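J.: Please find one structure pasted underneath; my questions will follow.
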Amino acid sequence: MEKLIEECREQETDMDIQIRIGNLQEGVELAKQAEAEGFEVIISRGGTAKMISEAVRIPVIDVHVSGYDMLRVLTLANDFPRKKAIVGFPAITGGAKAIIDLLDIPIDMFTIHDEDETEDLLHRLKQEGYELIMGDVVTFETASRLGLIGILIQSGRESLFDAFKEARTVARWLSAGRQEIERYKAVLQVAAEDIVVVSGQGEVVYEQWQHFSPRLAGAIGLDKDAFLLDRPGKEIVHVSDPEGQPVKVIKTPIEVGGSQGLVCEFIRQPVHPSASDKVEVDRSPAPLIIHQSESMNTCLAMVERSLSYDGFVLIGGRGTGKKMLARYIHDRKFSGEGLFASVKAPDLKEVCPESIDAEIKTLYICDFDRLEDRLEEAHLRNIEALRSRGLVLIFAMTEEQPVGENRIYDDGIIRIHIPALSERKEDLRELVTSCLLHFTQTLGTSAIRMTEKGFRLLADYNWPGNVSELRALLQEAVMLEKGYVIGHELIEQLLGRKDGEGGVSSRLLKGTLAQIEKRIIEKVLEEEGFNQTKAAKRLQINRSTLWRKLKE
C-alpha cells in the first residue's frame, strides 16, 4: 500500500504523515519506535493495528476494508484461471460473500476464528489443488511461504481518507506531554544510521535500522546487562551479525531526566572476499511454474521422470527461466528441505568445495556455455569434488554443447530443454496475470487486468528475450498505467518501440568497423534467442569466430 498512501498523503497538506512498513510484530516495533520519536497518532490496519493498540500509549486508527476494496481484489482474482479461495476472519469473509453471491464470482470461501488455524487450512487447500489465496497479512504470508500465490486484501483510497479524517480529529484533542522527545534529542546527539538505545534495565527503548536487520540487536544480547556501562566515555567492541559478518559497536552512555541509558552504534566492517563468497544462497519461496502449453508440460514431465538424477543440464535461451526451473527441481527433489545456491561458471574454479555450507543441497551453475573452450582443469576438478560431496549440480546453457572429453556430459547427467516463450503462447495469459499480481503486491501499482486486444498484441509478438522480456515490458506498462486496466494502446506503444529498434539505425552504423560488426553480431544473436549456433549459421561464420568477435 506504500505507493497508494504516498499519493493520498499529498492531498493532506495539513498533516505530517510518515510511512513505515512492517507486518504484525515488526509493525509493533516500528510503532514503538514512532511513539518514542514523538508521533501523536498511528494509522494501521487489521491484525497489526490490533497488536499495536495493545503495545503503545498513543491512539491507533484502524484502516477498514470497504466493499469497494473487496470488489477490486475479487476483480483482480477473477482473471486467474486456477482454483482460488478467500481465507480470513468473519469480518473479511462476511463482506466478501455478499459480493461473490451478487456477481456470481467462482471463488471459494473459508472462515477462520483463530490465527493458528491458518497454516493447517492452507496446507489442506494446497493438497486440494488451490493455487491462489486471498486474505489478511497472516493468510498472505502463510500462503507465500507454502508456495501458493497470495493476494493481500488491502484498503483503498476511500478507506485511507476516512482514516486520515479520524486521525486529524483525534490529534486535535491530544494534550499529552512530550517527555519521550528528550530521549530522542539525546539520541540525535550521537546520531548514526544504525543505532539502538538501551535503558538502565537492559531494555531496548529505541532502535533505528538502515543497513542491518532489527534482529541484530537480539543476536548480540543488547537486552542483557552485559552491554551496560558503569564508567563514562565511549567503548568500542567487535561482534558478529547473525550471518557471521564482523560489526563494530560504539557504546555511548547517556542520561535523560535522571534515567541512565546506552546508545549503541553499529558499523559494518569490511571483509576480504573468499572463495565461498562466490556462492549465493537463494532463500526465496518455491516458484510457481506456469504450464498450460504442451511444450512446458513436456519440460516438466521430463523433470518429474529425472528426479532420481543428481546432475542436470538446463538448455534454453536467455530469459526462459532456467534458474526458476532449477529451483523447482531442487524443491521437488528435497521437498523444501536444504538450501538452493548459485554460482557463476567463471567463478566455479575459485570455489572451495569444503567451504560450502553443509545445508546446501543444490548448486546452480549459470552461463556454463560461456566458458566455451576455456573449460580449465580447475573447473572439472571442482565439479567432481562437488559431486563427490553429494550436491545436486544444475548447469545452465543457452544452447546445447557438443559432447567432448572435457565436457560435463555423462550417464549421470540429464539434459532438459526449456521452451522459448514463442513456443508456449498458451501460457501467455497466465504469465501476464501472474506478473500483474506480483507488481500489484510488490510495487503497489493499480493495473489489475489487460484488455483482450492487448493480449492479442502480446501473442503476436515473437519475444526474443522470452519471459524476462515479457516481465520487463509489463513492469513498464504497470508503472505507466494509472488506471486498473492496461489498454491495447499502451501495449502497442511499447511493442512499437521494440519494432523501431529492430531495423538498421544510425546508431548501429556509428563507430569503427569492428564496433559496427560487433553490434550486428549482438543484434543477430538477440533475434535468434541467443542461440549461438543459429546466429553463426545466419552470419555464415563458425561458432569459434562468433565467440572470438564477441569477446574482442
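The values are calculated or read from the model by the stated rules, or taken from the named source; none is laboratory data. Here the structure is a predicted model, which is why all the values come from computation and not from measurement. As a convention, Cβ positions derive from the backbone with ideal geometry for all residues, glycine included, and neighbour counts pool all protein chains shown.
J.: Give me a count of the residues in segment 32-49 that are under 30 Å from the mean Cα position of the chain (by Cα), under 15 Å from ALA163 (Cβ atoms) and of a type outside the set (Ser, Thr, Tyr).
T.: Count: 5.
J.: Now a separate question. Determine whether segment 93-109 contains at least one residue that is outside any helix (DSSP H, G or I), among the aliphatic types (A, V, I, L, M) and over 26 Å from GLN292 (Cα atoms).
T.: no
J.: Among the residues of segment 394-435, write down those that are out of contact with any helix residue (DSSP H, G or I) (no Cβ under 7 Å at 6 or more places or on another chain), of a type in the set (A, V, I, L, M) and modelled with pLDDT of 85 or more.
T.: Once the filter is applied, which keeps residues that are out of contact with any helix residue (DSSP H, G or I) (no Cβ under 7 Å at 6 or more places or on another chain), of a type in the set (A, V, I, L, M) and modelled with pLDDT of 85 or more, segment 394-435 yields ILE413, ILE414.
J.: Only one of HIS438, HIS379 is at pLDDT below 90, buried (at least 16 other Cβ atoms within 10 Å of the Cβ), part of a helix (DSSP H, G or I) and not assigned by TED's automatic domain parsing to the domain that holds LYS349; which?
T.: None of the other options fit; the residue is HIS438.
J.: Among the residues in segment 350-363, are any in contact with a helix residue (DSSP H, G or I) (Cβ under 8 Å, 6 or more places away or on another chain), surrounded by 15 or more Cβ atoms within 10 Å (Cβ to Cβ) and among the acidic types (Asp, Glu)?
T.: Within segment 350-363 (the criterion being in contact with a helix residue (DSSP H, G or I) (Cβ under 8 Å, 6 or more places away or on another chain), surrounded by 15 or more Cβ atoms within 10 Å (Cβ to Cβ) and among the acidic types (Asp, Glu)), the answer is yes, since at least one residue qualifies.
J.: Would it be correct to say that PHE334 is more than 21 Å from MET397 (Cβ to Cβ) and more than 20 Å from the chain's Cα centre (by Cα)?
T.: The answer is yes for PHE334.
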